[in-house]
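Chemist: Okay, handing you the structure first.
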Ligand SMILES: *[C@@H]1O[C@H](CO)[C@@H](O)[C@H](O)[C@H]1NC(C)=O
Ligand SMILES: *[C@@H]1O[C@H](CO)[C@@H](O)[C@H](O)[C@H]1NC(C)=O
């Protein structure tokens, strides 16, 4: 008997272990937006990032850049595929534009239908179906025309059209026969794909999903999405052959004919190899809603977001091995990260929550929920709530559970004596209470009615706060003698002088060593200004301008009109690497 129990225990362990590995692998194979916390597949901070914890992203997917301050992935500007930000530049810069856009000094400029532009920003060749007009703008050819020299002169018509000479113009006219690809006037020469030509000069559709046929009962070649059946009377799509299959693989027989094999079933279904069918994860189909994946009947491997996978054990004496595991998806009401498989109780909480057992139920709560103004807390092994840190202006009472106010205008106070240690700007601590300094624009004082430190732009002079000169941040003792300047000003002969034009940083002598980058960027729309969708506009104001420090002055370092480029390194050290695996794109589809 003992032996049997030991044996069962081991089987049990092995099942759980392999189950966990499979779960983890399934989570990790998703590449982005999710991470494995040991028991669950949790979401990253944003769906566009790869992460190891909920705290932040480690890298971003394509079309997104990593914002270091926000530790989050943010979208690159419109038309940009890869972008980065050099810490010295004021804006981020595109390193690779999407097709249809051209990279001009780090900005993706919409090219419209232009296929090639000259050094001077003029379009010299357009996409198919467009021609360059006298303004160097791409205009569409006439109706049905595939290639034209101008509106009046078509070189080649689209399928379903034929070329006619009409009042000295070469234009395209539609074939009068439905389903015809090439025609001369009313005579069809060749039918479109999916049609066949009969003796009466008309094109007749083949059966559904058939590309090529000789009559409307048999199909010779099915379209890309389907495979012809044995007697050639039907083109079968993946889902026709495998209901509830998400996607099929196309396989080939020795005679080079092809067949489908279901690759992935829809959520809530698994592929039964023996029966070659997608079957529901659990017998009772009404309960499948919360299931995302399973690998065999009743063997759920993943739940929908917001649900936790519970591995339940029970004994079934009818079975050969009576000790069984049962998997269910239970609603995650309490922000649980992991659950106890024995009883289904919450074992640990998501970040930002702590586990509390109250009235014999497990709850993940925030510190603030338990104690107002408590920022950080924990639960002792004896299940007692303990606040560690209170919000600014509050102190922790000796019970360790309550945050009480320090009193008016107090930022920090001594919890024992209930006395204020640090007062708000403009207040002074007197006998443990905060009292106003009594001076306008005062930041701090040692004695009431005598300011020692004024707000920015004011100088402490004889205990009063006096307005400094323009651009000056601090002018203690003398309004005329500045000690520190505001941003964008530098100190010169005790006065504040604005930085040279286009300059971001100077040394003490006003020598500019860091110049600005101007990228025309519409922050409201979070995208670059697109100069119309049809007509490309290459005005310099609509693109980026870099300035470079030359002898302390900022000189424009690119000149698009003359085709000269002297641009700074836009992206010094790439902030992170992009790891994209298109192979897993299908997994995205499952997630979304
Ligand atoms: C369009 O026609 C012109 C003149 O016949 C030819 O030089 C050009 O290659 C054609 N373009 C395309 C895209 O077929
Ligand atoms: C249809 O065309 C196939 C050849 O693709 C031929 O074998 C078959 O007999 C034709 N059926 C009819 C009804 O004409």
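Chemist: For the range 275-285, check the following and say yes or no: at least one residue is buried (at least 19 other Cβ atoms within 10 Å of the Cβ) and in contact with a helix residue (DSSP H, G or I) (Cβ under 9 Å, 6 or more places away or on another chain).
Modeler: Yes, some residue in the range 275-285 is buried (at least 19 other Cβ atoms within 10 Å of the Cβ) and in contact with a helix residue (DSSP H, G or I) (Cβ under 9 Å, 6 or more places away or on another chain).
Chemist: Any residue at all in the range 475-485 that is under 44 Å from the mean Cα position of the chain (by Cα), closer than 25 Å to residue 445 by Cα, surrounded by fewer than 16 Cβ atoms within 10 Å (Cβ to Cβ) and at pLDDT 75 or above?
Modeler: Scanning the range 475-485 turns up at least one residue that is under 44 Å from the mean Cα position of the chain (by Cα), closer than 25 Å to residue 445 by Cα, surrounded by fewer than 16 Cβ atoms within 10 Å (Cβ to Cβ) and at pLDDT 75 or above.
Chemist: For the range 366-390, which positions are more than 27 Å from residue 411 (Cβ to Cβ) and in contact with a strand residue (DSSP E or B) (Cβ under 8 Å, 6 or more places away or on another chain)?
Modeler: Matches in the range 366-390: 379, 380, 383.
Chemist: Name the one entry in 215, 199 that is modelled with pLDDT under 95, assigned to a loop (DSSP other than H, G, I, E, B) and more than 11 Å from ligand 2 (Cβ to nearest atom).
Modeler: The match here is 199.
Chemist: If residue 258 satisfies every condition in (1) in contact with a strand residue (DSSP E or B) (Cβ under 6 Å, 6 or more places away or on another chain); (2) over 19 Å from residue 245 (Cα atoms); (3) surrounded by fewer than 14 Cβ atoms within 10 Å (Cβ to Cβ) but one, which is the exception?
Modeler: Result: residue 258 fails condition (2) only.
Chemist: I would also like to ask the following. Being surrounded by 17 or more Cβ atoms within 10 Å (Cβ to Cβ) and within 16 Å of ligand 2 (Cβ to nearest atom) is the filter here, so list the residues in the range 218-255 that pass it.
Modeler: Matches in the range 218-255: 219, 222, 228, 234, 235.
Chemist: Within the range 245-256, is there a residue that is within 30 Å of residue 312 (Cα to Cα) and either part of a loop (DSSP other than H, G, I, E, B) or within 33 Å of the chain's Cα centre (by Cα) (or both)?
Modeler: yes
Chemist: Would a scan of the range 154-167 turn up a residue that is more than 16 Å from ligand 2 (Cβ to nearest atom), more than 30 Å from residue 133 (Cβ to Cβ) and modelled with pLDDT under 90?
Modeler: So far as the range 154-167 goes, no, none of its residues is more than 16 Å from ligand 2 (Cβ to nearest atom), more than 30 Å from residue 133 (Cβ to Cβ) and modelled with pLDDT under 90.
Chemist: Exactly one of these conditions fails for residue 204: (1) free of Cβ contacts under 8 Å to residues at least 24 places away in the same chain; (2) part of a strand (DSSP E or B); (3) within 16 Å of ligand 2 (Cβ to nearest atom). Give me its number.
Modeler: (1)
Chemist: Just wondering, is there one or more residues in the range 451-462 that are exposed (fewer than 15 other Cβ atoms within 10 Å of the Cβ), under 29 Å from residue 500 (Cβ atoms) and at pLDDT below 90?
Modeler: Looking for residues that are exposed (fewer than 15 other Cβ atoms within 10 Å of the Cβ), under 29 Å from residue 500 (Cβ atoms) and at pLDDT below 90, one finds none in the range 451-462, hence no.
Chemist: Would a scan of the range 116-138 turn up a residue that is assigned to a strand (DSSP E or B), touching a strand residue (DSSP E or B) at 6+ places or on another chain (Cβ under 6 Å), more than 14 Å from ligand 1 (Cβ to nearest atom) and without any contact (Cβ under 8 Å) to a residue 60 or more places away in the chain?
Modeler: No, the conditions are met nowhere in the range 116-138.
The values are calculated or read from the model by the stated rules, or taken from the named source; none is laboratory data. All values derive from a computational prediction rather than experimental measurement. We place every Cβ from the backbone using ideal geometry, glycine too, and count neighbours over all the protein chains shown.
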